[in-house]
Amino acid sequence: MRYATFRLPTPLGPRERVGVLTAAGTVLDLEGAYRQLLTERIDPDRAAVVAAAVLPPDLLALLGNGGLATDAVAEVLEAFAPVLDAPGATTADGAVVVHALGGLELLSPLPRPAGLRDCSAYEQHVATASRGKVPERWYEMPAYYKGNPRTVVGTGADVPVPAGARKCDYELEYAAVIGRRGADLTEEQALACVAGYLVFNDVSIRDVQFREMSIGLGPAKSKDLDGTNVLGPVLVTPDEWDPHAPNVMRALVNGEEWSRGLTDSIHHPVERILSYISRGETLHVGDVVGTGTVGGGCGLELGRYPQPGDLVELEVEGLGRLSNRWCAAPGPAGQERG
């Protein structure tokens, strides 16, 4: 399954919807399609209420419905299979439920994650970024920092480069999304709690990052500006994507490949990361956990950075591609005071 969150214009203003990206390259509006199915069984007014409750237009809420939602999605896909390759297909009341992907504004699959954490689990990245001095304790635990989930955007959104910043960096990553709450999880249990995976561009203002981290705390302002945590383009369920396989990861700037790596080059696998985080702490539905930058997967390691106007594309085999343009922003971001 490939879940997408998209925005549609309506007479009452833009509305967010949740759909499934199909093999035909279309997006099926889940709530609208389910409402049509229920209308054939119960009163139409009740059908609308039940459809919105079981398959709501919010992926976090949908994931929270667990198996109830999963079963409903499977039923909808089976019922609408004959028209999935027909963009513009409507329900009996005229509502369009099958959309051409190219005509949609995709948002982050989770525009408002329940939580946001990011690890640094690739040895090559740590070694290069620290000039070969990997801390011994790095091998003992998958260290992570906490980000601001309200700064998340999706593919197609502009990434703001703060005034004065010369090193606005991309970071080529993938992230896991929690679909079942749990604490003190074994690695096997932790993996079973994953709802899916997506591409993560952990945009970092390096000009700010090293100054603030020299104080002795983790990254903060350098990572959490509005529009600098990019997730998407879709959420791919574990039955369709294996993080342990050698999936190719690439970063392109204005079409030129800057970075390339493999997901299986990770030192701390995703199940170890999630199990570690869950020690004495509950993982909740909708939590997003980044695994970290693949080796060679950022400008810091290469000694060059995208500039305002550049198109930055991050691609993970099987998960899709994020495309975002670096755009000059008017305000400062953590510059030193004179």
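What follows draws every value from the coordinates through simple rules; no lab data is involved. These numbers were taken from a predicted model, which means no experiment stands behind them. For neighbour counting, all protein chains shown are included, and Cβ atoms are generated from backbone atoms with ideal geometry for every residue, glycine included.
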Original post:
How would you classify the range 102-251 from its alpha-carbon gyration tensor, with a ≥ b ≥ c the square roots of the eigenvalues: rounded for a/c under 1.5, else prolate if a/b is greater than b/c, otherwise oblate?
Top reply: oblate
**OP:** Find how much the distance from SER130 to ALA52 grows on full extension, using 0.36 nm per residue of separation minus their present alpha carbon separation; answer in nm with one decimal.
**Re:** 23.1 nm
Original post:
Among the lysines, which have Cα under 22 Å from the Cα of LYS221 when same-chain residues fewer than 8 positions away are ignored?
Top reply: LYS146, LYS167
**OP:** Would you compute, from DSSP H runs of 4+ residues alone, the mean residue ellipticity of the chain at 222 nm, taking -39500 (n - 2.57) per run and dividing by the full residue count, rounded to the nearest 500?
**Re:** -6000 deg cm²/dmol
**OP:** Please work out the Cα center distance from the range 213-227 to the range 46-87, rounded to the nearest Å.
**Re:** 38 Å
Subject >> Pairwise label distance in nanometres, ARG7 with ARG150, each label 7 Å out on the Cα-Cβ vector >> reply: 1.8 nm
Original post:
When the Kirkwood hydrodynamic radius is evaluated over all pairs of different C-alpha atoms of the chain, what value in angstrom, to one decimal, is obtained?
Top reply: 20.7 Å
**OP:** Give the Debye-formula value of log10 I(q)/I(0) at each listed q (0.22 Å⁻¹), with one equal scatterer per alpha carbon of the range 1-83, two decimals each.
**Re:** -1.10
Subject >> Gain on full stretching of the segment that runs from GLU240 to ALA95 - 0.36 nm per residue minus C-alpha separation >> reply: 49.2 nm
Original post:
Which ³J(HN,Hα) values in Hz, rounded to whole numbers, follow from the phi angles of the range 248-258 under the Karplus curve 6.51 cos²θ - 1.76 cosθ + 1.60, where θ = phi - 60° and Gly and Pro get x?
Top reply: 6, 10, 9, 10, 10, 10, 6, x, 8, 6, 9
**OP:** Return the sequence-ordered ³J(HN,Hα) values of the range 123-137 in whole Hz as given by the Karplus equation 6.51 cos²θ - 1.76 cosθ + 1.60 applied to θ = phi - 60°, using x for Gly and Pro.
**Re:** 4, 4, 5, 5, 5, 5, 5, 9, 6, x, 9, 6, x, 4, 5
Original post:
Got a sec to turn the phi values of the range 13-23 into Karplus ³J(HN,Hα) couplings, 6.51 cos²θ - 1.76 cosθ + 1.60 with θ = phi - 60°, whole Hz, x for Gly and Pro?
Top reply: x, x, 10, 7, 10, 10, x, 10, 6, 8, 5
Original post:
Near the amide H of GLY156, under 5 Å away, which other amide H atoms are found, from residues 5 or more places off or on another chain, if H is placed in the peptide plane?
Top reply: SER323, ASN324
Subject >> Global form of the range 189-338, assessed from the alpha-carbon gyration tensor, a/c cut-off 1.5 >> reply: oblate
Original post:
If you keep only loop residues by DSSP, which trypsin sites (Lys or Arg not before Pro) in the range 233-338 have at most 13 other Cβ atoms within 10 Å of their Cβ?
Top reply: ARG279, ARG304, ARG337
Original post:
Across the chain, where is the longest run that never hits GluC sites (Glu not before Pro) in a DSSP loop with at most 10 other C-beta atoms within 10 Å?
Top reply: 141-280
